[in-house]
Amino acid sequence: MLLTRHRTKDGPRWALDGSFLPPSLTLSTLLEMPSKAIFEFLGRLSGGEAASGEEVAPIDPEHEVWAAGVTYLRSRDARREESSVANMYDRVYEATRPELFFKSLGWRVAGTGMPIRIRADSHWNVPEPELVLVVNCQREIVGYCAGNDVSSRDIEGENPLYLPQAKVYRHSCALGPAITVEDGTFDVTSLAIRLDIQRDDAIVYSGETSTSQIHRRLADLAAYLGRYEDFPQGAVLLTGTGIVPEDTFSLQDQDQVIIEIEQVGVLRNAVQQM
């Protein structure tokens, strides 16, 4: 099952497998339910009016987007190279407690086909392709999509306390194109993740990894997110990146960023400098 969100003349509307769901139904409503109930509920609603209108980010405006850091060895090494306190990231990678940080509210998130932005006060900006977890109020993983945790590596590397400025700003997060609903059989343990960056009709960077390289269990990330925190209408969690371009590479205005996650979808965004 695929959940998409569309812009219509009457406002945003959710669809299931290409058919509109009832206008009053939102992702927030679904994420108040247990995982099994979501799947059964959606199964009874299939086959409605054909969906139309531009697809937007599959998230409600009030949803919180969080992110996990240093969950891949490649990410640890990159953060070590950029940082003035390099050994800190070794400790984060090996620690029982994961790094978790707030990334965005839903209304700031770009969907596929929408622009992502890079900061004008940074000279080293990169995309971070990531598998994204959709988590209900019971902290169960109920769906997946592709995500981009756009980051200013020079700002973060200057001082770890600058991480919010490096990662949390308007349209620094993209999600899409759809939410793959967890049905109990979807295996995310070894999905291929690919990143291509196109500039002036040429590919200037390509990279690949697999979710098998994630250092932590996805269920543990979701559990830590909900530890001593409430998400009554669910939340979204990026799980970290295993693809980091070389230190000499930085995104430029008008670059095209293409993130593909096997069986989940392709997220495409153009870059705009703020």
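The values are calculated or read from the model by the stated rules, or taken from the named source; none is laboratory data. All of these numbers come straight from a predicted model, not from anything done at the bench. Glycine gets a Cβ as well: all are built from the backbone with ideal geometry, and neighbour counts include every protein chain shown.
Selection of region 47-71 for residues being under 30 Å from THR96 (Cβ atoms) and either modelled with pLDDT under 90 or not aromatic (Phe, Trp, Tyr) (or both) yields ILE59, HIS63, GLU64, VAL65, ALA67, ALA68, GLY69, VAL70, THR71.
In this structure, does VAL181 turn out to be farther than 25 Å from GLU246 by Cβ and in contact (Cβ under 8 Å) with a residue 40 or more places away in the chain? Explain how you work it out, then say what you get.
On the way: farther than 25 Å from GLU246 by Cβ: yes; in contact (Cβ under 8 Å) with a residue 40 or more places away in the chain: yes.
Spelling it out, VAL181 is indeed farther than 25 Å from GLU246 by Cβ and in contact (Cβ under 8 Å) with a residue 40 or more places away in the chain.
Whenever a residue of region 96-124 is over 21 Å from ALA270 (Cβ atoms) and touching a residue at least 24 places away in the same chain (Cβ under 8 Å), its partners that are of a type in the set (Lys, Arg) and part of a loop (DSSP other than H, G, I, E, B), lying with C-beta atoms within less than 7 angstrom and at least six residues away or across chains, give the pairs PRO98/ARG216. Residues in region 7-46 that are modelled with pLDDT of 90 or more and in contact with an Asp or Glu (Cβ under 6 Å, 6 or more places away or on another chain): ARG7, PHE20, THR26, LEU27, SER28, SER35.
Within region 162-174, not a single residue is surrounded by 14 or more Cβ atoms within 10 Å (Cβ to Cβ), among the hydroxyl-bearing types (Ser, Thr, Tyr) and farther than 22 Å from LYS103 by Cβ. Filtered by the rule that a residue be touching a helix residue (DSSP H, G or I) at 6+ places or on another chain (Cβ under 9 Å) and over 23 Å from TYR93 (Cα atoms), region 176-222 gives ILE179, VAL181, GLU182, ASP183, GLY184. Report whether or not ARG74 is modelled with pLDDT of 95 or more and basic (Lys, Arg). Answer is no for this residue. In region 13-50, how many residues are among the charged types (D, E, K, R) and part of a helix (DSSP H, G or I)? Matching residues across region 13-50 total 2. Of the residues screened, LEU133 is one that is under 30 Å from LEU30 (Cβ atoms) and in a strand (DSSP E or B). Please specify each residue of region 264-274 satisfying the condition of being outside any loop (DSSP other than H, G, I, E, B) and among the β-branched types (Val, Ile, Thr). Passing the criteria: VAL266, VAL271. The test for being touching a Pro at 6+ places or on another chain (Cβ under 6 Å), in contact (Cβ under 8 Å) with a residue 40 or more places away in the chain and within 23 Å of PRO61 (Cα to Cα) holds for GLY265.
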